[in-house]
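Colleague: Attaching a single structure in structure tokens format; questions to follow.
The values are calculated or read from the model by the stated rules, or taken from the named source; none is laboratory data. From a predicted model like this one, the values you see are computed outputs, not experimental measurements. Cβ sites come from the backbone with ideal geometry, for glycine too, and all protein chains shown count toward neighbours. What goes into the accessible areas is simple: the full protein's heavy atoms, side chains included, and nothing from ligands, DNA or RNA. Shrake-Rupley method; radii C 1.70, N 1.55, O 1.52, S 1.80 Å.
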Amino acid sequence: MTVTRFAPSPNGPLHLGHAYSAIVAHDLARAAGGRFLLRIEDIDGARSRSELAEDFRLDLAWLGLEWDEVPAQSTRLADYARAAEALRGEGLLYPCSCTRAEITEDAASIGPEGPVYSGRCRREGPVEGRPVAWRLDVAKALAVTGPLSWTDALAGEQAARPELLGDVVMVRKDEPASYHLAATLDDAADGVTLVTRGQDLFSASHVHRLLQALLGLPVPRWHHHPLLLDAEGRKLAKRRNSPSLADRRTRGEDGLLLAAQLRLHRLPAGISLGSA
Ligand code: GLU
């Protein structure tokens, strides 16, 4: 059975880009007679605002979508800790005390998600007395798994290249998991067979595929859809573009009509769909 999901983070209101993403995931599940899941990704500490999750549900219902909600990430911390422990036990994680400024300064290169970590703490160890994050030793992990591949419904078969992102964080300084670890574990636990999300997260899938191999998780397929872009060609962002779905909903706009227009790629002025 096809199982897709929409996994918003409650750190700002949903906007048109989220509506499009949820509709794509919902419709792919429905077309296959499958299930569409909602998962609230609320482990972004101080930035997560739980009251927004209720707005998200109202927004999705307003768009005419139906879903099954699975437990929010904040209820799964023990699972994340267990998986991190397993990776640590294999010698695949190392502690890193580098600050954001140090990471940027030392960066070996700029990867798809920003500065690629230089590996300083892998070579030199963390600075004593500072808080640490735990990073995945990607070269070591790849030596364990060997070459991996994954399949995107639009882009086709991909050779997994997690090294593009460098030694990504698995356990944050302030949280028991990073997005990469939490989302990969959750998709497996939730039985997601088609990971549907925007193209901005395409490169994350290289890392997720590696984690699946390391943790013995089932391998889904992916569908990274094009993003809605603003007039300057930038992806719509929570903080920038107005109005939010909640704004539209509360001022009486027709959500079903908006959903129908998004399905037909009839977009408001100044907004376009990026190329696949
Ligand atoms: N929680 C992420 C976000 O809101 C999406 C993660 C995903 O779809 O894998 O950007």
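Colleague: Quick one: which helices (runs of 4 or more DSSP H) sit completely within the range 165-276 and have at least 3 residues that are under 19 Å from Ala155 (Cα atoms) and modelled with pLDDT under 95? Give the steps one after another, and end with the answer.
Modeller: Values: elements: 179-189, 204-215, 245-250, 255-263.
Here the list is empty.
Colleague: Can you tell me which of Asp44, Asp27 is within 11 Å of the ligand (Cβ to nearest atom) and more than 26 Å from Ala231 (Cα to Cα)? Give the derivation first.
Modeller: Values: Asp27 fails: within 11 Å of the ligand (Cβ to nearest atom).
Exactly one residue qualifies, and that residue is Asp44.
Colleague: Phe36 versus (1) closer than 30 Å to Ala19 by Cβ; (2) outside any helix (DSSP H, G or I); (3) open to solvent by 20 Å² or more (accessible area, probe 1.4 Å); (4) touching a helix residue (DSSP H, G or I) at 6+ places or on another chain (Cβ under 9 Å): which is the lone unmet condition?
Modeller: Condition (3) is where Phe36 drops out.
Colleague: Out of the residues in the range 11-49 that are modelled with pLDDT under 95 and touching a Lys or Arg at 6+ places or on another chain (Cβ under 6 Å), state the one that is nearest to Leu181 (Cα to Cα).
Modeller: Asn11
Colleague: If the requirement is being out of contact with any Cys (no Cβ under 6 Å at 6 or more places or on another chain), open to solvent by 60 Å² or more (accessible area, probe 1.4 Å) and either assigned to a loop (DSSP other than H, G, I, E, B) or under 28 Å from Leu236 (Cα atoms) (or both), which of these qualifies: Glu54, Glu41, Glu105?
Modeller: Values: Glu41 fails: open to solvent by 60 Å² or more (accessible area, probe 1.4 Å); Glu105 fails: either assigned to a loop (DSSP other than H, G, I, E, B) or under 28 Å from Leu236 (Cα atoms) (or both).
When all the criteria are applied, what remains is Glu54.
Colleague: Moving to a separate point now. Consider Thr184 carefully, then state whether it is open to solvent by 40 Å² or more (accessible area, probe 1.4 Å) and either among the hydroxyl-bearing types (Ser, Thr, Tyr) or within 16 Å of the ligand (Cβ to nearest atom) (or both).
Modeller: Working: open to solvent by 40 Å² or more (accessible area, probe 1.4 Å): no; either among the hydroxyl-bearing types (Ser, Thr, Tyr) or within 16 Å of the ligand (Cβ to nearest atom) (or both): yes.
When the stated conditions are applied, Thr184 does not pass them.
Colleague: Here's something else I'd like to know. Of the numbered conditions (1) closer than 17 Å to Asp190 by Cα; (2) among the charged types (D, E, K, R); (3) within 14 Å of the ligand (Cβ to nearest atom); (4) surrounded by fewer than 19 Cβ atoms within 10 Å (Cβ to Cβ), Glu69 satisfies every one except a single condition; which is it?
Modeller: Glu69 satisfies all of (1) closer than 17 Å to Asp190 by Cα; (2) among the charged types (D, E, K, R); (3) within 14 Å of the ligand (Cβ to nearest atom); (4) surrounded by fewer than 19 Cβ atoms within 10 Å (Cβ to Cβ) except (3).
Colleague: Go through the range 236-271 and count every residue that is surrounded by fewer than 16 Cβ atoms within 10 Å (Cβ to Cβ) and either closer than 30 Å to Gln212 by Cβ or small (Gly, Ala, Ser) (or both).
Modeller: Final tally of qualifying residues: 7.
Colleague: Let me ask something else about it. Enumerate the pairs (first residue in the range 189-200 and among the aliphatic types (A, V, I, L, M); second residue anywhere and part of a helix (DSSP H, G or I)) with beta-carbon separation below 6 Å, excluding pairs fewer than 6 apart on the same chain, so at least 6 apart or on different chains.
Modeller: Once the first residue is among the aliphatic types (A, V, I, L, M) and sits in the range 189-200, its partners that are part of a helix (DSSP H, G or I) give Val195/Asp187.
Colleague: I'd like to check something: does the range 123-134 contain any residue that is outside any loop (DSSP other than H, G, I, E, B), surrounded by 19 or more Cβ atoms within 10 Å (Cβ to Cβ), modelled with pLDDT of 95 or more and within 16 Å of the ligand (Cβ to nearest atom)?
Modeller: Going through the range 123-134, the residues outside any loop (DSSP other than H, G, I, E, B) turn out to be 123-124, 133-134.
Going one step further and asking which of them are surrounded by 19 or more Cβ atoms within 10 Å (Cβ to Cβ), we end up with 133-134.
Applying the additional criterion that residues be modelled with pLDDT of 95 or more yields 133-134.
Applying the additional criterion that residues be within 16 Å of the ligand (Cβ to nearest atom) yields none.
The answer is no; no qualifying residue exists.
Colleague: Could you give every pair whose Cβ atoms fall below 8 Å, whose first residue belongs to the range 49-72 and is of a type in the set (Asp, Glu), and whose second residue is open to solvent by 40 Å² or more (accessible area, probe 1.4 Å), counting only separations of at least 6 or pairs across chains?
Modeller: If the second residue must be open to solvent by 40 Å² or more (accessible area, probe 1.4 Å), the pairs left are Asp55/Pro13; Asp59/Arg249; Asp68/Arg35; Glu69/Arg57.
Colleague: Counting just the residues of the range 3-24 that are more than 9 Å from the ligand (Cβ to nearest atom) and touching a strand residue (DSSP E or B) at 6+ places or on another chain (Cβ under 6 Å), which one comes out farthest from Pro220 (Cα to Cα)?
Modeller: Filtering the range 3-24 for residues that are more than 9 Å from the ligand (Cβ to nearest atom) and touching a strand residue (DSSP E or B) at 6+ places or on another chain (Cβ under 6 Å), the one farthest from Pro220 (Cα to Cα) comes out as Leu16.
Colleague: Quick check: anything in the range 130-141 over 28 Å from Pro226 (Cα atoms), among the acidic types (Asp, Glu) and without any contact (Cβ under 8 Å) to a residue 40 or more places away in the chain?
Modeller: no
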